[in-house]
Each structure stands twice: as structure tokens, then as C-alpha cells.
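The structure appears below as C-alpha cells.
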Amino acid sequence: MLKSGLGIARRALGRSLSTSAHEDWDIVIVGGGPAGLALASALGSSQLVRESLRVALVEASDLSKIREWTPAEGAFSNRASSLTHKSQTFLRDIRAWEHVDETRTCPIEDMQVWDGVSDSRIEFSSSLLATELPMARMTENLNLQRGLLRHLANVPQVQILDSSRVQSIDHPEGSNWPLVHLDSGRVLRSRLLVGADGFNSPVRAFANISSFGWAYDTHAIVATMSHQPRGAFMGPNTTAYQRFLPTGPIAFLPLSPVASSLVWSSKPPLVAALKASEPDVLATMINAAFRLPDVSMRYLHDLILDAHASGSPLAAPQVQAEVAWREKSHGIDAMSAYTSIRSTVQGIPPADAELLPPLVTSLQPGTVASFPLRFNHIDSYLGEGGRTVLVGDAAHTVHPLAGQGLNLGLADVECLSRCIEQALTNGGDVGSRTALLPYAQERYLANHKVMSVMDKLHKLYSTSFEPVVWARSVGLEVLNELDSVKTALMMEASGKDTPASPWDSAATVVENLAGVKNVVGTSLSSILRAVSSRSK
Amino acid sequence: MFAAAIRRSSTRALVARYSTSTSSVNPAEIAHFSRLSSEWWDESPSGEFSFLHQMNPVRVRFIREKLLEVARDAQENPPLNVLRGMEVLDVGCGGGLLSESLARLGAKTLGIDASEANISIARLHAAQDPGFASSLSYQHTPAEALLAESDKRYDVVCSMEVLEHVDNPTGFLDTCAKLVKPGGHLFLATISRTALAYFLTIFMAEDVLRKVARGTHTHSKFIRPEELTEFFRTYPNTESPWVRGQPTRTQVEVRGMVYNPLSSSWILAPRDAWGADGCNYVFWVRKPNI
Ligand SMILES: Cc1cc2nc3c(=O)[nH]c(=O)nc-3n(C[C@H](O)[C@H](O)[C@H](O)COP(=O)(O)OP(=O)(O)OC[C@H]3O[C@@H](n4cnc5c(N)ncnc54)[C@H](O)[C@@H]3O)c2cc1C
């Protein structure tokens, strides 16, 4: 009766399993973006994890640039995200938020969302939430990442290996423990490998996790906009504005009293032309896009596109003259909130001023950028046989129209760190399928719901298919549907987890409206029936 | 030879093939057992032992929380890693599912099994994991032999899903009980002999769903929780039994385990949940501190 034996087995196994020397880790996170750093922080904030696991985070870029990020006063990065109440609560709970420079963040207390064709409008307000936190807080990704890195500086148990690119991942024969090969020659063997490595996730490729998705025929243009402070008679700059144009939504998200963040989704050629224009042209177009009727926006788009194609782009005064002319033809007078040509915002503001964002005066240099929009969702959050999971953009990319991308990633991180702690409490192997299955189940469903609502909304609003536009212009349907999205957002924002997610009802309503779209494809009378029966 | 934790017919066939071989390890055996080990440790729903994998966290939780509760009776704020440093014996360890978890929680764990194949599987799996330095060892032996061979006794003795397979449960319980230190703990998990248990574990699991190899269970061998409690009312004798008077939570406890097919996970039924111990249950009893 041989009592030892583990040693013999290990030596025999060692010979057959690997040839090169490797380091052993319990968790290797690939990716030092917001999701990866938040996961490292969440794990580092748990005493149980600190006592039982060795955690490493691998990032290709040099993170000292983020650690030492010192933006000029008043200047803001163009990558900023609206962190929901739920995300903020999570970041506070793991004690990372205290390292984020809150003076650079901006609460969103109200939201104004309207349809660019029918002008039907819906308002959201934090005051409807029974909490003290605002419904969301605009936070630069860099500010968040720097805060997470500062938090991690106090957690020596989590090691950060930056300026290290993952070159390949494999596993030894007869074992499913991943071996992560870095460009420095180091090889990390990990009990659990977490892919937080963004849209082109090498971890996803290694784990052979397929995904489902498509590129939208839409790009987003981002920029940091400067504007006048709100007048004395108006509220502070804490309202987010979003207008759904048929070419895509345009959003104005507050960063400070005199700066806001732009996310304008539109057709790729138009985005290219706008990006190539001089900054004042873009600023004029942004102001117009929140104000002019859709028919005039389409006219202006064509002008910009033609000028861009002919190689002689328009100058700002030409565009401003065009806008002034269009305003006149729509009967928008010089005192109206809907004119973009007013030079100052002094005195008593025009009626309706709060329905529109402040007028953009300029764009911060170097902040105009664009990126393609995609819908992508992995088929499984868990690699076959366990040992690999994905979080953040590696798992999903979503249309930015409700600013949920990063929030979904943070919710992934919250759930995964909870499952890891749970497994540790019960002596589980944190890389095992049993430990990770609850994560995979919970996040797939939750993200899928949110993502499909975003996707359907995008499709619904971007169509110019006549009967659908007509249905939108009827107003009621759109309001109903926005209302359910609003409920979902508010519930999400207040962090209330109900068994029946609000996204369920939102999805149903949006689904129904998409159903209307199919119905109208067949005949106008059927949509009339559909609409009238649904508005009863 | 009643302590055999033979759980599946496939394992049984293996035992027949390998129980005569010696313990020396050769590469062909390593290759063979690592294949078996990966089958044993296949946690996917199609894996033969997936039910055990799903059940394991619930049992560990029961063990840990029970030990914590007892520790709290003795001291105000006991350390949460209550298993750290404890000497634990896992009787009928199979592929090492429970043994690994207990070792990970810091217990000095010995897993024993009468099937040599199981011990090889368990060793190979543990050898992959650098986390078990000296905290985990395995031995191919029946419990009786271990008892006879040394005076070593354990803080905690566990035997999960073994009782329903043994031919002489009284003798088996006696052996396990003797391996416990005074003041130590005995944990058992098994299946009750009820119509529900027959329906779920034999009719559904073996005959209808074929989740478990046919012939794995024999209904007449199932033991009801009250029979176990009753056993310890007169064990080791009527003068100083392990359980006396009204059973209280400081002497003995039974908790049902309920399967939730929607999330494919097991939950520990709340205390005294009516009927929850009608099928799979966990049992704890404490040896008096003499
Ligand atoms: C150009 C652009 C602009 C955006 N603007 C906005 C916006 O305005 N608002 C908004 O809400 N969202 C925006 N998004 C989306 C948002 O940035 C993402 O949702 C968020 O960054 C996702 O975080 P993540 O940590 O999951 O992934 P990422 O931020 O993509 O991080 C992945 C990390 O993995 C690292 N990595 C990848 N491969 C390797 C490797 N082989 N080895 C080592 N490291 C590796 C990368 O260096 C990177 O740091 C934008 C995205 C892009 C691409």
C-alpha cells in the first residue's frame, strides 16, 4: 500500500506534459482595458482571493502612460463612458472608485431623447430613482483605468505584466490548463485564463469560441466639444441629449459645464467626410443635427458628401450660410432655441432651450476620431472544458446608442469575481466548468437581452422605409417603445435586480414594433389595424 | 470488501482489470489513467459523473458551514477558513472530487478508495494542479485496513455516496466512526429509501434518462436519515451513545439536497424543509469528547 504516489504521478506527468519551463498562476487576465483592470481590482479587493490565488494581468501596451496620465485643465479624452448607477456601486464596493478623479466626471441627472422624424420625445430624470446617485456618470475611460491602476498599486498580490504581448496560447497534451506565451519568452500556465482582450480577442480564438454578429453599415464619430456654460436661468450641464436621425443617433453627453462628449453614429461615407472637414464645419453640423428637420439634414449631408468627393471641402462660413438659409425656410427665427446661428447665450433663454444641448463653439484639438459599429456576441462565455472565460468587448460589442458597452463589461466582471469567490469558499477549482457555469449562464442571458434591444432600436430608427417612418411619425408607438426602454434603463440604473428583467418587457415591446414593420411591408391597411389595435 | 466506492459499471470493469496490478507506475499506465481521469473529471453535462460534479460544492458547503457553526459555539470569532490544518479522511474518494476541495480549503486530506483505478485517477488529476503541495495524498485501501494498520485518527471523516453501495452498512459505519478523533466529525451523503428516491435515482436516472449506468443503485440498500440517527443513539453502546435525548443541532443534523434542473445545480435545502431529505441528503454527527 503505497501512500505517497502524487509525487511519482506528478513527475511522470510532468515529463509527458510540457517541455519548456513555465510559471504557475491561478488566474491570468489578458487585457488591461477597463474590463481587465476592473476584474483585477475586484479580485484584489477580496481578502479570500488575495490569500488563496496568484493573479497576473498581461497587457500589450505600456500602462505607465495611463498611470501618469495628466490631462490639461479643461481638456477631456474623447473616450468617455456613461457609467450607470449599478456600475458605480460596483466600483465603490471594490473600493476602486475612490481612486478615480471624481472632479473630472459629470453626473447625468436627466436625459432628453427624441425621434428626428416625428419629434416625439421622452424625458428621463434621476429624480425618479429612489437613490442618491445620479442615473449615470460620464467618466473618461482613462480616468477609470488610471483609478483602477492606482487601486491595484496597493494590491501586490495582483501582478501586472505590461508591455507584454500574448503571442500564442496552447495547452500541453493531456491537460486543459492553458499555457500563455508572452513575447518576452515567459510562459504562464494558468488554472483560469480570462480574455479581457477586446474585440479581436486572441483568447477567444484560442478557446475556439465562435461568435455571432455583423458590422452595421454605420460608423461612430467621437469628439470632445466645447460650449458656453448654461445660462443663469437654466439648470447645470447635466443633461444627456440624443436625437434619433434616420442615419443614426447623435448623442451629446456632459463632461463639465463647458465641455461635452459627442457620439454621432452615421453612414460610413458621411462619417469620413465629416471627419475630414475642418473642425468648425463639424461643429456647425453637430449643432444643426440636433436642431434642423430631417429633410434639411439630408440636404446638408449631400452637400458635405459632394464637396468631399469633389476634393474641395466646404468652408465653415459656407456651411453656416446654408444652415441659416435652411432655418429661414423652416421658419426658425433668430430668437428660437432651434437656431444654431445665435452667437451668445446671454439674457433670458428662449423657450424650449432645455430641450436642446448647448451650442457647440469648437472641438477640442485632436479629439475627433471614428470607429465602426458592430454587433457581436459570443456563443459561449466559457471555453469548452472550462479554464477559459471571456469578459467585456471580447465577449460582446454593442451599438453605443444607450451607452451600455462598458457597463455590460463591468457587470461581467462583477459576476465573474462573485463566482470565483463562491468557488473559493467551497474549495472549488476556480478554473473548473462547475465554478464558471453560473457566470456563463447569467451573463449570456443578461447581455443578450440588452444587446437585442439596442440592435432592434438601431434598425427601427435607421430605416427610411416609408410605412415605418409613417408609423414612427404617428408618435404613439415610438413613445410606448421608448417608454419601455426607459423603464429598462431606469431599473438598470437603479441597480434593482428583478427576476424578470426589465429588458424582457423592453424586448417584447420592441419586438412587437419590429413585428409592425413586417406587417406594414405587406399592406398599409394592416399597419393601420396593427397600430390602432395596439394603441387601444 | 464492502468499502468499495464502486460507482459506475465502467469503473467496476476497470477494477477487475487493474486491481491485481502493482502500484508501480509505468508510462503506458499513466497514459491510460490520464484518459480515464479526464473522463472522470469531465464536468460537461454529457460527462458520466456530471451529477457528482454539480453536487460537490453543496456538500463542501455543508461540511464547511457545519464546522464553522461548531467552532462558533466554542469561540466568538473563529477563523473563516475553519478547515485549515484539520486532518481529514475521505472514505471512498473516487476520482478525488471532494478530497481536492477539502485540501484546497487547507485540510490535510487523505483520500482512500478500495478501487485502485480510482486512486490512480485521483492521483493523476491532483498531480496536474500545483496547488496541492503536501496537503493531499491518496491511498489504495479499504477503510477497515486503514483502521487496522495504524492508530491515526481524524478530525473529520467523510464518506460521500458510499453508504448506499455497501453490503454491510453497520460495519461500515462502525469503521468510519472509529476513525474519528474524540470530538471529531463524521459526514455522510447518501440516498434515502423512499418511493421518491426510487423514482428519481433508479427509475428516472437509470432507466429513463440513462444519466447513470444501470445497476448503479439497489433500492433496498438505501438508508433513511432517521435510521442513521437511530443508529447513533445506541452507538457505540447504550450508555454513552453519540446522540442522546432529543437530537439537537450540536449532535446530529440531516439536510436534503434538491436539484434545480433549470440551472443544473444542486441546492442545500433549508433546515427542516419538509420532505427535502426524501432523496439525496447529507448527514453530520459528532463524536463525543471523552
Ligand atoms: C476607437 C474606439 C472608440 C470608442 N469610443 C467609445 C465611446 O466613446 N463610448 C463608449 O461607451 N464606448 C466606446 N468604445 C467602446 C469601449 O471603448 C469599449 O466598450 C471598452 O473599451 C471595452 O473595454 P475592454 O476592457 O473590454 O476592451 P478594450 O478596451 O478593447 O481592452 C482590451 C485590451 O487588451 C489588450 N490586448 C489585446 N490583445 C492583446 C495581446 N495579444 N496581448 C496583450 N494584450 C492584448 C489591448 O491592448 C487592450 O488594452 C470605443 C471603442 C473604440 C475601439
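The values are calculated or read from the model by the stated rules, or taken from the named source; none is laboratory data. Small disclaimer: the values here were computed from a predicted structure and weren't measured. Cβ sites come from the backbone with ideal geometry, for glycine too, and all protein chains shown count toward neighbours. For the accessible areas, the whole protein counts, side chains as well, though only heavy atoms, and no ligand, DNA or RNA atoms are used. Shrake-Rupley method; radii C 1.70, N 1.55, O 1.52, S 1.80 Å.
When residue A:247 is tested against (1) at pLDDT below 90; (2) within 13 Å of the ligand (Cβ to nearest atom); (3) not hydrophobic (A, V, I, L, M, F, W, C), only condition (2) is not met. Number of residues in segment B:57-67 that are at the interface with another protein chain (Cβ under 8 Å from one of its Cβ atoms) and open to solvent by less than 10 Å² (accessible area, probe 1.4 Å): the value is 1. One residue alone among A:401, A:406 is more than 10 Å from the ligand (Cβ to nearest atom), assigned by TED's automatic domain parsing to the domain that holds residue A:437 and more than 30 Å from residue B:105 (Cα to Cα), and that residue is A:401.
Screening segment A:71-117 for residues that are basic (Lys, Arg) and within 16 Å of the ligand (Cβ to nearest atom) and picking the one that is least open to solvent (accessible area, probe 1.4 Å) gives A:104.
Only a single criterion out of (1) farther than 30 Å from residue A:180 by Cβ; (2) within 16 Å of the ligand (Cβ to nearest atom); (3) surrounded by fewer than 19 Cβ atoms within 10 Å (Cβ to Cβ); (4) touching a residue at least 24 places away in the same chain (Cβ under 8 Å) is not satisfied by residue A:374, namely (1). Return yes or no: is residue A:161 over 25 Å from the mean Cα position of the chain (by Cα), open to solvent by less than 10 Å² (accessible area, probe 1.4 Å), over 30 Å from residue A:458 (Cα atoms) and touching a residue at least 24 places away in the same chain (Cβ under 8 Å)? Criteria not met by residue A:161.
Applying the set (1) over 17 Å from the mean Cα position of the chain (by Cα); (2) open to solvent by less than 40 Å² (accessible area, probe 1.4 Å); (3) at positive phi to residue B:85 leaves exactly one unmet item: (2).
Taking the conditions exactly as written (free of Cβ contacts under 8 Å to residues at least 40 places away in the same chain, aliphatic (A, V, I, L, M), in a loop (DSSP other than H, G, I, E, B) and open to solvent by less than 70 Å² (accessible area, probe 1.4 Å)), does residue A:314 satisfy them or not? Please lay out each step first, then the result.
Numbers: free of Cβ contacts under 8 Å to residues at least 40 places away in the same chain: yes; aliphatic (A, V, I, L, M): yes; in a loop (DSSP other than H, G, I, E, B): yes; open to solvent by less than 70 Å² (accessible area, probe 1.4 Å): yes.
Criteria met by residue A:314.
In segment A:11-121, counting only strands (runs of 3 or more DSSP E) that sit wholly within it, the ones holding 2 or more residues that are under 24 Å from residue A:260 (Cα atoms) span A:80-84, A:106-108, A:110-115.
Only one of the numbered conditions (1) in contact (Cβ under 8 Å) with a residue 24 or more places away in the chain; (2) open to solvent by 30 Å² or more (accessible area, probe 1.4 Å); (3) near the ligand (Cβ under 10 Å from one of its atoms) is violated by residue A:173, and that is (3). Restricting attention to segment A:379-396, the residues being crowded, with 23+ Cβ neighbours inside 10 Å and either within 8 Å of the ligand (Cβ to nearest atom) or modelled with pLDDT of 90 or more (or both) number 12.
Here segment A:49-70 is the region considered, the condition is being surrounded by 15 or more Cβ atoms within 10 Å (Cβ to Cβ) and within 25 Å of residue B:132 (Cα to Cα), and the residue that is nearest to the ligand (Cβ to nearest atom) is A:57. Answer yes if at least one residue in segment A:437-453 is crowded, with 22+ Cβ neighbours inside 10 Å, in contact with a helix residue (DSSP H, G or I) (Cβ under 7 Å, 6 or more places away or on another chain), within 14 Å of chain B (Cβ to nearest Cβ) and hydrophobic (A, V, I, L, M, F, W, C), and no otherwise. Scanning segment A:437-453 turns up no residue that is crowded, with 22+ Cβ neighbours inside 10 Å, in contact with a helix residue (DSSP H, G or I) (Cβ under 7 Å, 6 or more places away or on another chain), within 14 Å of chain B (Cβ to nearest Cβ) and hydrophobic (A, V, I, L, M, F, W, C).
Considering only segment A:226-244, state which residues are within 16 Å of the ligand (Cβ to nearest atom) and either open to solvent by 10 Å² or more (accessible area, probe 1.4 Å) or touching a helix residue (DSSP H, G or I) at 6+ places or on another chain (Cβ under 9 Å) (or both).
A:241, A:242, listed by residue number.
All of (1) away from the ligand (no atom under 16 Å from the Cβ); (2) open to solvent by less than 30 Å² (accessible area, probe 1.4 Å) hold for residue A:325 with one exception: (2). Take the conditions (1) open to solvent by 40 Å² or more (accessible area, probe 1.4 Å); (2) within 11 Å of another protein chain (Cβ to nearest Cβ); (3) at pLDDT below 90; residue B:48 misses just one of them, which is (2). Taking the criterion of being within 14 Å of another protein chain (Cβ to nearest Cβ) and within 23 Å of the chain's Cα centre (by Cα), the residues of segment A:362-388 that qualify are A:380, A:382. Looking only at segment A:409-436, residues that are within 16 Å of the ligand (Cβ to nearest atom) and open to solvent by 10 Å² or more (accessible area, probe 1.4 Å) come to 3 in all. What do you reckon, is residue A:167 near the ligand (Cβ under 10 Å from one of its atoms), assigned by TED's automatic domain parsing to the domain that holds residue A:202 and in a helix (DSSP H, G or I)? Against the criterion (near the ligand (Cβ under 10 Å from one of its atoms), assigned by TED's automatic domain parsing to the domain that holds residue A:202 and in a helix (DSSP H, G or I)), residue A:167 does not qualify.
Scan segment A:34-48 for residues that are within 14 Å of chain B (Cβ to nearest Cβ) and either within 14 Å of the ligand (Cβ to nearest atom) or in contact (Cβ under 8 Å) with a residue 24 or more places away in the chain (or both) and jot them down.
If the condition is that a residue be within 14 Å of chain B (Cβ to nearest Cβ) and either within 14 Å of the ligand (Cβ to nearest atom) or in contact (Cβ under 8 Å) with a residue 24 or more places away in the chain (or both), then A:46, A:48 are the ones that fit.
Look at segment A:188-225 and say how many of its residues are within 14 Å of chain B (Cβ to nearest Cβ), among the aliphatic types (A, V, I, L, M) and either free of Cβ contacts under 8 Å to residues at least 60 places away in the same chain or more than 14 Å from the ligand (Cβ to nearest atom) (or both).
The initial filter retains those residues of segment A:188-225 that are within 14 Å of chain B (Cβ to nearest Cβ), namely A:188-192.
Subsequent filtering for residues that are among the aliphatic types (A, V, I, L, M) retains A:188, A:192.
Those still in the list that are either free of Cβ contacts under 8 Å to residues at least 60 places away in the same chain or more than 14 Å from the ligand (Cβ to nearest atom) (or both) too: A:192.
The total comes to 1.
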